[in-house]
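These notes are about the structure you will find just below.
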């Protein structure tokens, strides 16, 4: 199936990754939206485990998604693929992090519907990545993530007060 540039099917992307048992963390704009930011995106960015077997399975998933783009290797920091389900970026080590093992500590599995529950980077880690990029056009996104973090802290404090 040829890619429709207007098509974005995150369920299709996640279902394929999960069917191949890929260990990954969702980062980037899609993760920020899941965590409460107001953004638009037409793709998904993931940080995969760099374990050789996981990367082999990721290669198979990319074939199933009819991915077009560079050859997947650990030396390249960002791999951008056009797939039948939209854009997929594979980021080996996002700015400000040490990669998958660093991010998975605070990541949470988020229910998106249709049985899809990807691991999504925490708001703190998403803010850390934006800050490390140091790009002026990311400042509004960074401010939004910091606001979401404030709201999360307030919600946590309220729930602790109720428990007492």
Restricting to region 11-25, and then to whatever is touching a helix residue (DSSP H, G or I) at 6+ places or on another chain (Cβ under 7 Å) and either modelled with pLDDT under 95 or not in a loop (DSSP other than H, G, I, E, B) (or both), can you tell me which residue is surrounded by the fewest Cβ atoms within 10 Å (Cβ to Cβ)? 16
Which residue out of 68, 105, 109, 117 is in contact with a strand residue (DSSP E or B) (Cβ under 6 Å, 6 or more places away or on another chain) and exposed (fewer than 12 other Cβ atoms within 10 Å of the Cβ)? 109
With the structure loaded, tell me whether residue 70 is at pLDDT below 90, closer than 22 Å to residue 7 by Cβ and over 14 Å from the mean Cα position of the chain (by Cα) or whether it fails that test. yes
Go through region 30-56 and count every residue that is without any contact (Cβ under 8 Å) to a residue 40 or more places away in the chain and in contact with a strand residue (DSSP E or B) (Cβ under 9 Å, 6 or more places away or on another chain). 4
Being surrounded by fewer than 16 Cβ atoms within 10 Å (Cβ to Cβ) and either within 20 Å of residue 58 (Cα to Cα) or touching a residue at least 12 places away in the same chain (Cβ under 8 Å) (or both) narrows 133, 126 down to just 133
If you go through region 59-92 one residue at a time, how many are on the phi < 0 side of the Ramachandran plot, touching a residue at least 40 places away in the same chain (Cβ under 8 Å) and out of contact with any helix residue (DSSP H, G or I) (no Cβ under 8 Å at 6 or more places or on another chain)? 5
Conditions (1) within 20 Å of residue 47 (Cβ to Cβ); (2) touching a helix residue (DSSP H, G or I) at 6+ places or on another chain (Cβ under 7 Å); (3) not in a loop (DSSP other than H, G, I, E, B) -> residue 152 fails only (1)
Please name all residue pairs, on different chains or six or more residues apart, with Cβ atoms under 8 Å, provided the first residue is in region 104-117 and is on the phi > 0 side of the Ramachandran plot and assigned to a strand (DSSP E or B) and the second residue is modelled with pLDDT of 95 or more and loosely packed, with under 10 Cβ neighbours inside 10 Å. none
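The values are calculated or read from the model by the stated rules, or taken from the named source; none is laboratory data. Since the structure is predicted, the reported quantities are computational estimates derived from the model, not experimental observations. In this analysis, Cβ positions are derived from the backbone assuming ideal geometry, glycine residues included, and neighbour counts consider all displayed protein chains.
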